[in-house]
Amino acid sequence: MPLDLYDRVSRVIPPIEWATMAEDAEAILDLKRKRRAVILAHNYQTPDIFHGVADIVGDSLALAREAEKADADVIVLAGVHFMAETAKLMNPEKTVLIPDAAAGCSLAESITAEDVALLRARYPGRPVVAYVNTSAAVKAASDICCTSGNARKVVESLGVPEVIMIPDEFLAQNVAKETNVKIIAWKGHCEVHERFTAAEILQLRQTHPGVVILAHPECPPEVVEVADFSGSTAVMADYVRTQKPARVALITECSMSDNIAQANPDTAFVRPCNLCPHMKRITLKNIRKALEEMQTEVTIPAEFFAPARRAVERMLAVK
């Protein structure tokens, strides 16, 4: 194993803990070469995956963009199922694997294609903007996708006075404050971000004077309102890198702080985080098993493939 591999995670993983991971990490590096595989890891993956074995890391938008350019025969998606579906949409000829097929998402599970049809019937003529945190079937029933990083641009790119935005109610409400476009929201919530409260943020300020608070736009609007800054995980990472706050709190999933802390040793991280149980289903051990057994392969029903891909491509075309 390369001697510098542990250096990538040394600030957030103790040596004794890394000793239990090293064998799997080494095996994964070898299997990637044998399978011509790349690992795409979301920002919410643990540091052993994010810094240790991943080839491409980022938020949902970055992974969607990079999946299309992946020079490999096999893509392993270290994230949740809708992300693996998106990777497959952009790489129909490649084998896409998810290490645990049960790695779901409360947002993706909050809405169905049938729900979209009912929304269209209730609000005829309004385009449907689907957050990428949705199934391929829901994407196929929508007009265009968005992520938390480009939601406002996508909404305004449609050139209409009113849109339906699904499924995250809080993201829709937060975007609505930034645009003149009227947004019809669905009542889906992220089980990680919905648990944060404004009172918790205010308590953070009292306990940690001078802390800079960055909130994910899936948080309730009252949380975003009392934060210093709101943005996607990629925007949060860029803020810490460029602004170099002495002390920061990321109001999002736990592993995000660990991953950014490794690259920003001069910033102290206050960690009022919530764990995503779905993201944590992905481990070094099941990534290794996925590459050894070439399981579980992600497939998308033919009737959903073309319209779902079109919705993602329309999103990627928005500058």
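The values are calculated or read from the model by the stated rules, or taken from the named source; none is laboratory data. Keep in mind the model is a prediction, meaning the values are calculated, not measured. A quick note on method: Cβ atoms are made from the backbone with ideal geometry, for glycine too, and the neighbour counts reach across all protein chains shown. Each accessible area value is taken on the protein alone, full model and side chains, heavy atoms only, with ligands, DNA and RNA left out. Shrake-Rupley method; radii C 1.70, N 1.55, O 1.52, S 1.80 Å.
Here are a few things to note about the model shown:
- What region 19-63 shows is 36 Å² of accessible area per residue, with the surface traced by a 1.4 Å probe over protein heavy atoms.
- Inter-label distance, nm, simple model (7 Å from Cα along the C-beta direction), D55/T20: 2.9
- P(r) of region 147-192 over all Cα-Cα pairs, binned every 10 Å from zero, in whole percent: 30, 60, 10, 1
- Directionally averaged shadow of region 1-139, computed from the convex hull of its alpha-carbon atoms, nm²: 9.8
- The chain - percent of accessible surface contributed by carbon and sulfur, probe 1.4 Å: 51
- Measuring from each cysteine beta-carbon in the chain, the ones with no other cysteine beta-carbon under 4.7 angstrom are C105, C145, C146, C190, C219, C276.
- Two-site FRET efficiency, T179 against E93, from Cβ-Cβ distance with R₀ of 45 Å, rounded to 0.05: 0.75
- Note on the chain: Cα-Cα pairs beyond 25 Å make up 50% of the total pair count.
- For the options L204, L250, L171, a Gaussian network treatment of the chain with springs between C-alpha atoms closer than 10 Å singles out L204 as fluctuating the most.
- Förster-model FRET efficiency, 25 Å R0, K69 and E156, C-beta, rounded to 0.05: 0.40
- K285 versus F229: modelled label distance in nm, points set 7 Å from Cα along the beta carbon direction: 3.8
- For the chain, the relative contact order is 22 percent, taking Cα pairs closer than 8 Å that sit 6 or more residues apart in sequence and dividing their mean separation by the residue count.
- Look at the alpha carbon pairs under 8 Å that are at least 6 residues apart: their mean separation over the length of region 248-319 gives a relative contact order of 25 percent.
- Over every Cα atom in region 214-257, the radius of gyration and the widest Cα-Cα span, Dmax, amount to 9.8, 26 Å.
- Annotation: peptides 6-17, 95-106, ranked by per-residue average of other Cβ atoms within 10 Å with the highest first, follow the order 95-106, 6-17.
- In region 1-148, Cα pairs under 8 Å separated by at least six residues give a relative contact order of 17 percent.
- Overall form of region 1-66 per C-alpha gyration tensor (a/c, 1.5; a/b vs b/c): oblate
- Taken over region 63-178, the ratio of Cα radius of gyration to 2.2 N^0.38 Å equals 1.11.
- Anisotropy class of region 213-319 from Cα gyration tensor, a/c 1.5 cut: oblate
- Distance between region 240-280 and region 126-203 - C-alpha centres, whole angstrom: 24
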